[in-house]
Amino acid sequence: MAPWPNRVAGAEFEFDGHHVKLDPNHDDGAAIHGFFRDRAFRVLDRSPHSARLIAVHTTSPTWPWACTLAVTYTLIEHELEMDLRLTNQDASPMPCGLGWHPFFKRRLATRDSAGMVPRSARLRLPRLERYPAKGCIPVGRPARDGLTERLAVGDEIDAFAPLDDVFTRGDEPMEIDWPESDVAIRLTTDAAFNHAVVFAVSPSEPSLSEVFCVEPCTMVNDAINLHARGWQETGLRVLEPGDTLRARWALAIRCTESSR
């Protein structure tokens, strides 16, 4: 997700004398997940275990800063490393942020050995603080609450769904495991990813009920507008001409011999 992750409320913002009107792409009128997800990427180089790609944006009414996004994927045994680099190619400062939006299966099997539906995946996210929000837009400062305490020790997705919230986080790994399948994932990030969004619909909803999302991000939802209103520690980055925002994370898979 670049050059901003998650939502910009109302699909518009003011920055450094620019009034920017983005293309709304969500039913609440927000602009979500940036525009690089819709761009064609060119392969710069590749090997049997890695690939480096780049996408280019020239200035436009909906984003008046020229910029490039480079992404590198590297596979090392059971770990996938991902590296994002957003560079301001313009002559004026550019507000920005980065994020990833992976989807995970709630269950890796439809039935366990006894014919029962397996439990949903467990999610462990230590050192969280949750933003109170309205329509996914923060309305107050982040704080610990009952949900963050549950996630700190690990809880099943179905136990707290539905959820579409944004959190601050430390640099400890985020962990997901599927108990009946003996499979686990560890998500590690660098310090740039100091926020995260967790998305999971109600288990009874027909759409997207089989998946959930854990999204490492460099800034909170609507950070550009919140920053303009004087909020501190939103995670918003302002890149000077020629500067690069880099953010990395890795996904490591562990499984037992019986689950392979």
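Name the chymotrypsin sites (Phe, Trp or Tyr not before Pro) in region 146-254 that are in a loop by DSSP and that have at most 16 other C-beta atoms within 10 Å, would you? Don't skip to the end; give the middle numbers.
On the way: sites: PHE160, PHE167, PHE193, PHE199, PHE212, TRP231, TRP249; in loops: PHE193, TRP231.
Sites meeting the loop and neighbour criteria: TRP231.
Counting pairwise Cα distances across region 50-115, what percent come out greater than 15 angstrom? Of all Cα-Cα distances in region 50-115, 68 percent exceed 15 Å. The local environment of TRP65, defined by Cβ-Cβ distances under 13 Å, has a net charge of -3 under the rule Lys, Arg +1 and Asp, Glu -1. Using only Cα positions of the chain, each an equal point scatterer, no hydration layer, compute I(q)/I(0) via Debye at q = 0.08, 0.10, 0.14 Å⁻¹ and quote the log10 values to two decimals. With one equal scatterer per Cα and no solvent, log10 I(q)/I(0) is -0.34, -0.53, -1.01.
For region 135-217, what class follows from the C-alpha gyration tensor (a ≥ b ≥ c being the square roots of its eigenvalues): rounded when a/c is under 1.5, otherwise prolate if a/b is larger than b/c, else oblate? Walk me through the intermediate numbers first.
Values: a/c = 1.68, a/b = 1.14, b/c = 1.48.
Judged from the Cα gyration tensor, region 135-217 comes out oblate (a/c at least 1.5, b/c at or above a/b).
For GLU79, the accessible surface of its heavy atoms amounts to roughly 60 Å² (probe 1.4 Å, protein chains only, rounded to the nearest 10).
Electrostatic tally near TRP178: other residues with Cβ closer than 9 Å to its Cβ, Lys and Arg +1, Asp and Glu -1, net +2. Among LEU75, LEU84, LEU98, the largest mean-square fluctuation in a Gaussian network model of the chain, built with springs joining Cα atoms closer than 10 Å, belongs to LEU75.
Each residue of region 1-154 gets 188 Å³ once the volume of the Cα convex hull is shared out per residue. Shown for region 208-260: the carbon plus sulfur share of the solvent-accessible area, taken with all protein chains present and a 1.4 angstrom probe, equals 47%. If you take all other residues with their beta carbon under 13 Å from the beta carbon of PRO93, and give Lys and Arg +1 and Asp and Glu -1, the sum is -3.
Would you please name the chymotrypsin sites (Phe, Trp or Tyr not before Pro) within region 17-98 that are DSSP coil residues with at most 14 other C-beta atoms within 10 Å of their C-beta?
Within region 17-98, no chymotrypsin sites (Phe, Trp or Tyr not before Pro) qualify (loop, at most 14 other Cβ atoms within 10 Å).
Round to the nearest 0.05 the FRET efficiency obtained for GLU14 and SER60 when R0 = 25 Å and r is the Cβ-Cβ distance. All intermediate terms of the calculation are to be shown ahead of the outcome.
Numbers: r = 18 Å, r/R0 = 0.70.
According to the calculation, E is roughly 0.90.
Size descriptors for region 94-241, from the alpha-carbon set: Rg then Dmax equal 16.4, 60 Å.
The values are calculated or read from the model by the stated rules, or taken from the named source; none is laboratory data. Since the model is a prediction, treat every value here as computed from it, not as a measurement. All Cβ positions, even for glycine, are placed from backbone atoms using ideal geometry, and neighbour counts span all protein chains on display. These accessible areas exclude ligands, DNA and RNA; they are computed on the full protein's heavy atoms, side chains included. Shrake-Rupley method; radii C 1.70, N 1.55, O 1.52, S 1.80 Å.
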